[in-house]
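The values are calculated or read from the model by the stated rules, or taken from the named source; none is laboratory data. The structure displayed is predicted, hence computed values, not measured ones. No Cβ is skipped: glycine too gets one built from the backbone with ideal geometry, and neighbour counts run over all protein chains shown. Heavy atoms of the whole protein, side chains included, go into the accessibility calculation; ligands, DNA and RNA do not. Shrake-Rupley method; radii C 1.70, N 1.55, O 1.52, S 1.80 Å.
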Amino acid sequence: MKTPVKLPIGIEDFKKIRTEGFYYVDKTEMITELLNSWGEVNLFTRPRRFGKSLNMSMLKYFFSFDCEPELFQGLAVAKERELCEKYMGKFPVISITLKGVEARNFEEAVAMLCAVIRKEAMRFPFLSGSSRLTEKEIAEYDQLTTPAPSGQQTFTMPADILKNSLQTLSQLLCRHYGQKVILLIDEYDVPLDRAQQNGYYDEMVDLIRGMFGQVLKTNESLQFAVLTGCLRIAKESIFTGLNNFKVRSITNIPFDEHFGFSDAEVKDMLDYYGLEDHYRTIREWYDGYRFGTSDVYCPWDVINYVDELRDNPDARPRAYWINSSGNTILRTLLQKATPQTRMELDRLINGSPVTKKINEELTYRELYDSLDNLWSVLFTTGYLTRQAEVGLNTYELIIPNREIRMIFTEQILDWFQKEAREDTPALDAFCEAFRQGDPASIERQFTSYLKKTISIRDTAVRKERKENFYHGILLGLLSHREDWLLLSNAESGAGYSDILIEIPDENTGIVIELKYSESRNMEAACQKALEQIEEKKYAERLMEDDMDTIFKYGIACRRNACMVRMAE
């Protein structure tokens, strides 16, 4: 039996995937569509981890003079014989990625950009001795590849040379080969994102505008260019005067299936690895994104989860995306949230849409200026997707899947806990009510806390998950008392109690069992919780630890309300 190929986790080099035995989802139809729907400068905006870098690597290997045709054997583009004869391996290609330009200050960013340009220029060492270049042109090439002086780790080019660097390299390659150049710039907006976060945005905008303006506008050495990024930056900010510009965003139909996995591609992968039984789970967790008219999965999530399932068929799905993408925008939305915003977040968490007008053309300077802008960024970066278009640039937005819903919920809980901790007297009083056996005060104060956060009432959500949500809120609040021993889901008696608390200095113990009430009869849910405490003997561990006084609480929650009952 043939051993299944490996899964390419974190591998973005097309050649490596095709030659070293990795599974590849064929996206080469993008090449055909790119050439047939011609654009001199093409910008593709997609969320992080949707295959932008791998597609750019694919383009590099297809068009470059040193193309290896066998890399594309058996793939969709290979069927386009005339197109392959005309374009495959016929161009000098400049390919850079700016995803690593994440500097703390402008000087570091400039040094990183210089390193990126120098590394790419050094792929063409033959230019320094090309008989087709003049001495002046060779000197210009040497300026791009000058090594750092002895004792220095980095070398910074003069500003004018750096701004002209991509145009210079394209012109030199065009002169040497007698063939126009294809330019690929991956993650073009990362330097702008970091510049905005670290306070040097104006300087970076000026630099990037200069670099892009020189190479993309009226550059007779350019065949065409492809750029990728997360956001479509306002034209007046970066692409001033660029009239040969095509933006392919997540709302556009062209290229909609070339980033991310289609349902058929996911089914094929699961079938290949014998994991068909996990299809519904993967669809629930990682599907739901809407690009153009296509529904797509996040490929990063699918590949990671399938890889785990190969080792452990019982592996549970996880939020892989949260570990690879920052959540600054979501946290900022929570910090700026008005009561209306919190109500809208409540609707989203519970599976309902919110209607928002989306501006896809912002500058990084504007991202955090208003709540409207933040909603737009949540949409373009993949936290939200569109359910329907209801007007000009106006959409019904929803959370795409369980993974992103979990990210929202965890971020909201984290924000809520921080807000609650700022009011120390109120939190002290809440904890003290448990120690004093005061269920009325617990109920009143816990209800007050619940009204400040979201609720889980989605009928599609399992009761267990609803209870876990309220469990998390309560556990976070009680953890305020650092002098208490707090145990969650601890084994005690004949089962696992939701929360056990020991107060050693007073030999006082507390047992809490929490239930979600599907109906308004929260009294019954409280009684069920108290009965479970007795039946499962949850207090047994506390008694073994010599807790003399033990309080037993049954707590029922429903939406933003609760009821608390204490055993007699």
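Going through (1) open to solvent by less than 20 Å² (accessible area, probe 1.4 Å); (2) aliphatic (A, V, I, L, M); (3) out of contact with any Lys or Arg (no Cβ under 6 Å at 6 or more places or on another chain); (4) over 19 Å from Gln214 (Cβ atoms) one by one, Val190 falls short only on (3).
Total residues in the range 412-449 satisfying the condition of being of a type in the set (Asp, Glu), outside any loop (DSSP other than H, G, I, E, B) and over 11 Å from His480 (Cβ atoms): the figure is 3.
Taking Leu166 as meeting all but one of (1) modelled with pLDDT of 95 or more; (2) within 15 Å of Glu120 (Cα to Cα); (3) out of contact with any strand residue (DSSP E or B) (no Cβ under 8 Å at 6 or more places or on another chain); (4) not charged (D, E, K, R), write down the number of the exception. Result: Leu166 fails condition (3) only.
Taken as a whole, the condition of being in contact (Cβ under 8 Å) with a residue 40 or more places away in the chain and surrounded by fewer than 18 Cβ atoms within 10 Å (Cβ to Cβ) applies to Tyr272. For the range 237-249, taking the residues that are among the hydroxyl-bearing types (Ser, Thr, Tyr) and open to solvent by less than 30 Å² (accessible area, probe 1.4 Å), the one that is modelled with the highest pLDDT is identified as Ser249. Among the residues making up the range 230-247, those that are part of a strand (DSSP E or B) and under 26 Å from the mean Cα position of the chain (by Cα) are Arg232, Ile233, Lys246, Val247. Filtered by the rule that a residue be open to solvent by 30 Å² or more (accessible area, probe 1.4 Å) and under 22 Å from Lys99 (Cβ atoms), the range 23-50 gives Tyr24, Arg48, Arg49. Hey, does the range 175-197 have a residue that's over 28 Å from Tyr364 (Cα atoms), over 35 Å from the mean Cα position of the chain (by Cα) and modelled with pLDDT under 95? Within the range 175-197, none of the residues are over 28 Å from Tyr364 (Cα atoms), over 35 Å from the mean Cα position of the chain (by Cα) and modelled with pLDDT under 95. Only one of the numbered conditions (1) of a type in the set (Val, Ile, Thr); (2) open to solvent by 10 Å² or more (accessible area, probe 1.4 Å); (3) not in a helix (DSSP H, G or I) is violated by Val296, and that is (2).
Does Gly391 fit the bill of being modelled with pLDDT of 90 or more and surrounded by fewer than 13 Cβ atoms within 10 Å (Cβ to Cβ)?
yes
Condition test on Lys86, is it charged (D, E, K, R) and crowded, with 19+ Cβ neighbours inside 10 Å? No, not satisfied. Cβ-Cβ contacts under 7 Å between residues 6 or more apart (or on different chains), taken from a first residue in the range 427-439 that is modelled with pLDDT of 95 or more to a second residue that is outside any helix (DSSP H, G or I) and among the basic types (Lys, Arg), are listed as Cys431/Arg481; Pro439/Arg565. Phe212 meets each of the listed conditions (1) open to solvent by 10 Å² or more (accessible area, probe 1.4 Å); (2) not in a strand (DSSP E or B) apart from (1). The set of residues in the range 333-345 being open to solvent by 20 Å² or more (accessible area, probe 1.4 Å) and not basic (Lys, Arg) consists of Gln335, Thr338, Pro339, Gln340, Met343, Glu344. Taken over the range 52-66, the residue count meeting the criterion of being modelled with pLDDT of 95 or more and either open to solvent by 20 Å² or more (accessible area, probe 1.4 Å) or in contact with a Pro (Cβ under 6 Å, 6 or more places away or on another chain) (or both) is 4. Would you check which residues across the range 100-134 are farther than 18 Å from Asn164 by Cβ and open to solvent by 70 Å² or more (accessible area, probe 1.4 Å) and list them? Within the range 100-134, Glu102, Arg104, Glu107, Arg123, Pro125, Phe126, Ser131, Arg132 meet the criteria. If you check Asn252 against the conditions, is it surrounded by fewer than 17 Cβ atoms within 10 Å (Cβ to Cβ) and farther than 30 Å from Arg175 by Cα? For Asn252, the condition - surrounded by fewer than 17 Cβ atoms within 10 Å (Cβ to Cβ) and farther than 30 Å from Arg175 by Cα - is met. Of the residues making up the range 471-506, those that are open to solvent by less than 50 Å² (accessible area, probe 1.4 Å) and of a type in the set (D, E, K, R) are Asp498, Glu502. Considering (1) within 29 Å of the chain's Cα centre (by Cα); (2) not in a loop (DSSP other than H, G, I, E, B), the lone condition that Pro4 does not fulfil carries the number (2). Checking each residue in the range 394-422 for being farther than 19 Å from Gly472 by Cα and either without any contact (Cβ under 8 Å) to a residue 40 or more places away in the chain or open to solvent by less than 40 Å² (accessible area, probe 1.4 Å) (or both) picks out Thr394, Tyr395, Leu397, Ile398, Ile399, Pro400, Asn401. Residues of the range 204-237 that are of a type in the set (D, E, K, R) and farther than 23 Å from Asn373 by Cβ: Lys217, Glu220.
Residues that are touching an Asp or Glu at 6+ places or on another chain (Cβ under 8 Å) and small (Gly, Ala, Ser): does the range 178-193 have at least one? No, that holds for no residue.
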